[in-house]
Amino acid sequence: MLDIQNLRVSHGPIEAVHGISLQVGAGQCVVLLGPNGAGKTSTISAICGVAQATGVIRLEGDDLTRVSVEDRIQRGIAVSPEGRRIFSNLSVEANLRIGGGIRANKGAVQDDIDRWFETFPILGERRNQPGGTLSGGEQQMLAIARALMSKPKILLLDEPSLGLAPRIVAQVFELIAQLRADGMTILLVEQNARQALRISDYAYLLNNGQVQAEGTNETLGGSENMMANLTGLG
Ligand code: ATP
């Protein structure tokens, strides 16, 4: 589904990612692990087209490398960004409607909004309330739902558990596991290594802008060396 070869990402003169390759198969949940500054968010930004990058990014064989941000969304990439970035002055419902903005069938968009309100009744109860008045966990659910409103082929999730209480973190992981079970293709960035590995098919450990290790939950989790690294990440 997503195939990245030799990706280099720069922020002005600073190269943050030094030629990584990674793949996400259709229906897989793949996790990018790594300490702060490893280059995880830079990788996500490059896939979305908002960071300066070289290398090749293909979605279902389609070369996206020189495609605009808008066209990448049209072709099926959606992101729930780090820090959630919901529109705090707009209502919960308006946030979801913006997520579905690229779809022509507005009736189907409304149906999906109503379905999300059934899935998360708390969002339904607060549909007319400004998004900024939601709790952190509610905002995270809204950010994920908003991303899914575009009916993407792949969902990019950048640190969805960041700053949330353990009980809420568990709910976020439950939602991701459910999305995966429903067949969604997911690239997840996480610092909660153990929980992320548990719901993932494959993992890449980034360090200093390079892939330091990769494998499945079993192969990575089974390596003592790796677990020492992962323990440091939570
Ligand atoms: P975190 O978990 O802290 O977000 P990360 O693995 O996502 O870490 P990045 O945010 O991709 O890492 O950062 C990788 C490197 O790029 C870091 O050295 C960071 O300081 C640098 N960097 C990231 N964004 C910018 C920017 N906009 N301008 C300059 N340097 C940046």
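The values are calculated or read from the model by the stated rules, or taken from the named source; none is laboratory data. Remember, it's a predicted structure, so these values are computed and weren't measured experimentally. Glycine also receives a Cβ, built like all others from the backbone with ideal geometry; neighbour counts cover every protein chain displayed. Keep in mind that these areas ignore ligands, DNA and RNA; they rest on the heavy atoms of the full protein, side chains included. Shrake-Rupley method; radii C 1.70, N 1.55, O 1.52, S 1.80 Å.
On alpha-carbon atoms, Rg over Rh for the chain using Kirkwood Rh?
Across the chain, the Cα-based Rg/Rh ratio is 0.96.
Considering amide H positions built from the backbone, and no H for Pro or chain starts, which residues 5 or more places from Thr65, or on another chain, come under 5 Å of its amide H?
Answer set, sorted by chain and number: Ile57.
So what's the net charge close to Arg126: Lys and Arg +1, Asp and Glu -1, counting the other residues with Cβ under 13 Å from its Cβ?
Every neighbour counted, the sum reads -2.
With a sphere of radius 15 Å drawn around the Cβ of Ile186, what net charge do the other residues whose Cβ falls strictly inside it have (Lys, Arg +1; Asp, Glu -1)?
In short, -1.
Could you work out the local net charge near Val31, counting Lys and Arg as +1, Asp and Glu as -1, over the other residues with Cβ closer than 13 Å to its Cβ?
Spelling it out: positives minus negatives among the neighbours equals -1.
Add -39500 (n - 2.57) for each DSSP H run of 4 or more in the chain, then divide by its residues: what number comes out at 222 nm, to the nearest 500 deg cm²/dmol?
-11000 deg cm²/dmol
If r is the Cβ-Cβ distance from Asn207 to Arg115 and R0 is 41 Å, what FRET efficiency results, to the nearest 0.05?
The computed FRET efficiency comes out at 0.55.
Cα gyration tensor of segment 157-206, axes a ≥ b ≥ c as square roots of the eigenvalues: rounded (a/c below 1.5), prolate (a/b > b/c) or oblate?
It comes out oblate by the Cα gyration axes.
Would you kindly derive the ³J(HN,Hα) couplings of segment 151-163 from the backbone phi angles with the Karplus curve 6.51 cos²θ - 1.76 cosθ + 1.60 (θ = phi - 60°), listing them in order in whole Hz, with x for Gly and Pro?
Here the 3J(HN,Hα) series is 6, x, 7, 9, 10, 9, 10, 9, 6, x, 9, 4, x Hz.
So what is the accessible area of the chain per residue, in Å², with the probe set to 1.4 Å?
Ligands and nucleic acids excluded, the figure is 45 Å² per residue.
Please state the equivalent ellipsoid semi-axes for segment 27-125: what are the square roots of 5 times the Cα gyration tensor eigenvalues, largest first, in whole Å?
They are 28, 18, 13 Å, listed from largest to smallest.
So what J values fall out for segment 78-93 if you push phi through Karplus, 6.51 cos²θ - 1.76 cosθ + 1.60 with θ = phi - 60°, rounded to Hz, Gly and Pro as x?
So the Karplus estimates, Gly and Pro as x, are 9, 9, 9, x, 4, x, 6, 6, 6, 7, 6, 8, 8, 5, 4, 5 Hz.
Between Ile122 and Ser21, with labels modelled 7 Å along Cα→Cβ, what's the label distance in nm to one decimal, could you check?
Here the answer is 4.3 nm between the modelled labels.
Which length gain, in nm to one decimal place, applies between Asn105 and Ser91 when the Cα-Cα distance is subtracted from 0.36 nm times their residue separation?
2.9 nm
Averaging sequence separations of C-alpha pairs under 8 Å and six or more residues apart, then dividing by the length of segment 26-84, give the relative contact order as a whole percent.
Here the relative contact order equals 24 percent.
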